[in-house]
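Accompanying notes for the structure given below.
The values are calculated or read from the model by the stated rules, or taken from the named source; none is laboratory data. Please read these numbers as outputs of a predicted model, since none were measured by experiment. Using ideal geometry, Cβ is built from the backbone for each residue, glycine included, and neighbour counts are taken over all protein chains shown.
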Amino acid sequence: MAEHPAYPVGLRLTGRRVVVLGGGQVAQRRLPALIAAGADIHLVSPEATPSVEAMADTGEITWTRRPYAEGDLAEAWYALIATGDQEANSRASAEAERHRVWCVRSDDADRATAWTPATGHSEGVTIAVLTTDAKGRDPRHTAAIRDAVVEGLRDGTLVAPHHRTRTPGVALVGGGPGDPDLITVRGRRLLAEADVVVADRLGPRDLLAELPPHVEVIDAAKIPYGRYMAQEAINNALIEHARQGRSVVRLKGGDPYVFGRGMEELQALAEAGIPCTVVPGISSSISVPGAAGIPVTHRGVAHEFTVVSGHVAPDDERSLVDWPSLAKLTGTLVILMGVDKIGKIAETLVAHGKPADTPVALVQEGTTAAQRRVDATLATVADTVRTEDVRPPAVIIIGDVVNVGPHPSK
């Protein structure tokens, strides 16, 4: 058998009897895929890991709590032998051979009639990597090849052209806080497949350099006519390019729906009859404090955190924030877009009962190579912003969690 390579095949196990012998770590790793395949799974084992036991408790598998016995593989289509008893494994393997049941053995691949490939998934495709012969089997090597292929498909570095007609439309992609590695796998894949990218100033700019030359990049930060008209122009650009049959990505910083005006864009697309996909992103309200060593919650320090837009001052009639109530909270307050208003914000919080010595941290250009952290208190933060020349984009964290990490406030 070792002289010939294994023949790769995909098994359709829906509703078919599959027997798993042993409820340890091997079974725990292999069972989810068998469950996903719709197999009628029968586990035979006196014991099982908590995760495997939970699968039995929820009815995903049937568990017989005893060691292997002759006849357990009757009527099976496929068997996974993974007990710690080598003699029982050999007897079960012999039974599988007699009944012509394809059998995987975790303890002795040479005596198995089937091997489990290293598998991965990407957009409806299963990638399976199988060593060509038993003598040279190296699970780490096959897993590394699998990982490289899957990662390449997911992040767009390995592009497999689609030979089907793509449905034109728009994807609102949250690019994360700035570090290009923090965009989601799905977001990166859609970016790699885009014909047009409408990019925010605060999006992960380094990703734009990776786009193929044919991709049209529209700098949303430079669309004219001011803030209101800029948004209208962005909406029109998305609609226009999608109507031309192009795949459009609206690349936004953070998450599309966290002060990102993503819903306005989705509503405009819906009114125009343009299909739209929303891809969530990592919000800077959580990730930037974390990158600076500040947890937004910490046991015994903060049981809640509140994210607030600071682009409108507390005394501005357009403000929708209940600042007096925020001053009474004991948790963490995270302010986005508030650098130029932080003096008035701090003054308002103190006026409504927040202690003046409450720690404050400002994290500028969070998660990027230019990241820096400046610490202050509510009493000193306005002066600190001026003397330290803190500029947007910066996330402001207010609360005792500022002192939890390795960088205590000054």
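Checking every residue in the range 359-375 against the condition of being farther than 20 Å from Pro295 by Cα and either at pLDDT 95 or above or surrounded by fewer than 20 Cβ atoms within 10 Å (Cβ to Cβ) (or both) gives at least one match.
Return the only residue of Ile282, Ile294 being part of a loop (DSSP other than H, G, I, E, B), farther than 21 Å from Thr377 by Cα and in contact (Cβ under 8 Å) with a residue 60 or more places away in the chain.
Ile282
Annotation: of all residues in the range 42-71 being of a type in the set (D, E, K, R) and over 22 Å from Pro32 (Cβ atoms), the one that is nearest to the chain's Cα centre (by Cα) is Arg66. Considering only residues of the range 187-199 that are touching a Lys or Arg at 6+ places or on another chain (Cβ under 8 Å) and assigned to a helix (DSSP H, G or I), which is farthest from Ala220 (Cα to Cα)? Per the criteria, the residue is Arg189.
Scanning the range 338-358 for residues that are part of a loop (DSSP other than H, G, I, E, B) and either β-branched (Val, Ile, Thr) or surrounded by fewer than 19 Cβ atoms within 10 Å (Cβ to Cβ) (or both) yields a total of 6. Picking from residues in the range 297-324 that are farther than 15 Å from Gly338 by Cα and in contact (Cβ under 8 Å) with a residue 12 or more places away in the chain, the one that is farthest from the chain's Cα centre (by Cα) is Pro324. Put simply, of Leu11, Leu31 the only residue that is in contact with a helix residue (DSSP H, G or I) (Cβ under 7 Å, 6 or more places away or on another chain) and either in a helix (DSSP H, G or I) or not small (Gly, Ala, Ser) (or both) is Leu31.
Being in contact with a Leu (Cβ under 6 Å, 6 or more places away or on another chain) and part of a strand (DSSP E or B) is the filter here; which residues of the range 172-186 pass it?
If the condition is that a residue be in contact with a Leu (Cβ under 6 Å, 6 or more places away or on another chain) and part of a strand (DSSP E or B), then Val173, Gly176 are the ones that fit.
Among the numbered conditions (1) without any contact (Cβ under 8 Å) to a residue 24 or more places away in the chain; (2) surrounded by fewer than 13 Cβ atoms within 10 Å (Cβ to Cβ), the only one that Thr64 does not meet is (2). Out of the range 174-198, which residues are under 19 Å from Gly245 (Cα atoms) and among the hydrophobic types (A, V, I, L, M, F, W, C)? The answer is Leu190, Leu191, Ala192, Ala194, Val196, Val197, Val198.
In the condition set (1) modelled with pLDDT of 95 or more; (2) surrounded by 17 or more Cβ atoms within 10 Å (Cβ to Cβ), Val404 is compliant with all but (1).
Kindly provide the set of residues from the range 79-103 that are crowded, with 20+ Cβ neighbours inside 10 Å, assigned to a strand (DSSP E or B) and in contact (Cβ under 8 Å) with a residue 40 or more places away in the chain, ordered by number. Of everything in the range 79-103, those that are crowded, with 20+ Cβ neighbours inside 10 Å, assigned to a strand (DSSP E or B) and in contact (Cβ under 8 Å) with a residue 40 or more places away in the chain turn out to be Ala79, Leu80, Ile81. Comparison of Val44, Val52, Val18 shows that the only residue that is touching a residue at least 60 places away in the same chain (Cβ under 8 Å), in contact with a Leu (Cβ under 7 Å, 6 or more places away or on another chain), over 25 Å from Asp138 (Cα atoms) and not aromatic (Phe, Trp, Tyr) is Val18. Looking at Asp315, Asp322, Asp340, Asp383, just one residue is of a type in the set (D, E, K, R), in contact with a Ser or Thr (Cβ under 8 Å, 6 or more places away or on another chain) and not assigned by TED's automatic domain parsing to the domain that holds Val249, and that residue is Asp315.
For the range 268-289, give me each residue that is under 20 Å from the mean Cα position of the chain (by Cα) and surrounded by fewer than 17 Cβ atoms within 10 Å (Cβ to Cβ). Listed by number, the list holds a single entry, Thr277.
May I ask you to verify whether Ala370 is in a loop (DSSP other than H, G, I, E, B) and either in contact with a helix residue (DSSP H, G or I) (Cβ under 9 Å, 6 or more places away or on another chain) or more than 30 Å from Gly300 (Cβ to Cβ) (or both)?
Criteria met by Ala370.
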